[in-house]
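Scroll down for the structure; my scribbles are underneath it.
The values are calculated or read from the model by the stated rules, or taken from the named source; none is laboratory data. Not measured: the values here are computed from a predicted model. Quick reminder, even Gly has a Cβ in these numbers, built from the backbone with ideal geometry, and neighbours come from all protein chains shown. Side chains are part of the model used for accessible areas, which takes the heavy atoms of the whole protein and leaves out ligands, DNA and RNA. Shrake-Rupley method; radii C 1.70, N 1.55, O 1.52, S 1.80 Å.
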Amino acid sequence: MMEVNHYIARIAQNCVECGQCASSCIFLNQTGQSPLTIARREIAVSEAFSCALCGACEAVCPQGLSPKEMFGARRKAAITNEEIDINEYRYMFPDRKNNVMTAYRKHFDIDYSDIDQFDEADTCFFPGCTLMTYSPQLTRKVFEHLQTSCHCQGMWTACCGKSLDQMGLQNRLQQMHSNLKAFVQERNIKRIISACPGCHYELQEVFQASDVVIQTVYEVLDLGERVSTDRRLCTVHDSCPDRFAGIFSAQIRQALDQCGFSITEMIHNKAHTLCCGSGGQISHFRPDLVEKLVEMRQKEARLTDADIFVGYCLSCVLKYDGKMNGIPVTHALNLLLGVEEDFEGAKARATSMFSGSYGEAIWKEIMDD
Ligand code: SF4
Ligand code: SF4
């Protein structure tokens, strides 16, 4: 409770009710109350789990306040006080042997045992759960490129734990971080190459007190001379975890330019980007808000004359899968490396996996402990 009280007090003492946060947030807008009003009363558990933890509020607050941190801390308090049966959502806990992603990989024969078994590696590739689950072809291609461009010796198919953090599961998160540290120590890993912004910043935190270097794929990939002749116009959807540091946002724009693409910006970009709806796992808690967030992005994309809508987090890309009114949606790595997309229809495949009696058996396996 200490942490949540700290953030509540900061907002209760400093919010001037300027409304800027609500103007960039569907959830706050819907509540019709300012963070000041919310901080002065009991914050409902349902409110905490409606916040996408995207940080758009923090980026615009003239008082330097963070409604995001307040709602995030309230989530953790709700878990500690057992105000929510979070176990109902165990199908997405990445530290369980069976969850929706492991089931998807098993069901669709996605297996990396030929490249993810290694005893020692100075440099390894960390694709992240979403990429390695829903885009196996791209994952393998990136690893192949990294083997030649930066002597990458192994692929580490672990989860960074971010989703546990977002769900407020702090004890499980600590255990997962300990496992990550042990893995690195046992294999003498000195450098981790990340492809996903969520993983990148989570790993930076885990290894901040060590000499392990965390780099993005865009820092080390050799993009060669692949130059697009017609300078096709891209619009880049920035990811929330990159909002403040802007590492991916800058590197991707530079890489696209280097490969001969032009860029047109949407209204909300870089530090002011819009959440795709993956943040805070709200698609499991508030799917209605996700639909609205996707609609907002569609409108913004339509206002540009972009030929291609580019994301650099596969969770964002999947949220917009086929929903950009004719503008093809792709992952920056597909575009930069010239790799055909294999993620299309992944959501439909994930849903179909649970149909019929065979699907029921898969679900039972996931939910059984
Ligand atoms: S973190 Fe995002 S969803 Fe949560 S209050 Fe801030 S802007 Fe709204
Ligand atoms: S932007 Fe900051 S000061 Fe303005 S209403 Fe939101 S929390 Fe309060």
Report task. Identify, from the list Asp321, Asp305, Asp288, the residue that is under 27 Å from Phe93 (Cα atoms), among the charged types (D, E, K, R) and surrounded by fewer than 16 Cβ atoms within 10 Å (Cβ to Cβ). Result -> Asp288
**Report entry** Total residues in region 254-263, condition crowded, with 18+ Cβ neighbours inside 10 Å and out of contact with any Lys or Arg (no Cβ under 9 Å at 6 or more places or on another chain)
**Finding:** 2
Query - Glu69 vs. criteria near ligand 2 (Cβ under 10 Å from one of its atoms), assigned to a helix (DSSP H, G or I) and not polar (S, T, N, Q) - result: no
Requested in this report: Output the number of the condition that Asp238 fails; it satisfies all remaining conditions of (1) at pLDDT below 95; (2) in contact with a Ser or Thr (Cβ under 7 Å, 6 or more places away or on another chain); (3) closer than 30 Å to Asn325 by Cα.
Outcome: (1)
Requested in this report: Please verify whether region 132-146 includes one or more residues that are more than 28 Å from Thr273 (Cβ to Cβ) and among the β-branched types (Val, Ile, Thr).
Outcome: no
**Report entry** Residue within region 40-57 that is of a type in the set (D, E, K, R), more than 14 Å from ligand 2 (Cβ to nearest atom) and part of a loop (DSSP other than H, G, I, E, B) present
**Finding:** yes
**Report entry** Criterion: open to solvent by less than 30 Å² (accessible area, probe 1.4 Å), at pLDDT 95 or above, touching a Phe, Trp or Tyr at 6+ places or on another chain (Cβ under 7 Å) and not β-branched (Val, Ile, Thr) - qualifying residue of Leu293, Leu274, Leu314
**Finding:** Leu314
Report summary line: Condition set open to solvent by 30 Å² or more (accessible area, probe 1.4 Å) and within 18 Å of the chain's Cα centre (by Cα), scope region 60-76, selection farthest from ligand 1 (Cβ to nearest atom): answer is Glu69
Report summary line: Within region 6-17, of all residues that are away from ligand 1 (no atom under 14 Å from the Cβ) and open to solvent by less than 80 Å² (accessible area, probe 1.4 Å), the one nearest to Arg75 (Cα to Cα) is Ala9
Report task. Would you mind telling me which numbered condition in (1) outside any helix (DSSP H, G or I); (2) within 16 Å of ligand 1 (Cβ to nearest atom); (3) open to solvent by 80 Å² or more (accessible area, probe 1.4 Å) Asn29 fails? Result -> (1)
Query raised in the report: Which of the residues belonging to region 291-316 are within 12 Å of His237 (Cα to Cα), free of Cβ contacts under 8 Å to residues at least 60 places away in the same chain and of a type outside the set (D, E, K, R)?
Result: Val294, Gln298
Report summary line: Being assigned to a helix (DSSP H, G or I), open to solvent by less than 40 Å² (accessible area, probe 1.4 Å) and away from ligand 2 (no atom under 16 Å from the Cβ) narrows Ile79, Ile115, Ile110 down to just Ile79
Query raised in the report: So Ile11 fits all but one of (1) part of a loop (DSSP other than H, G, I, E, B); (2) within 28 Å of Gly246 (Cα to Cα); what number is the exception?
Result: (1)
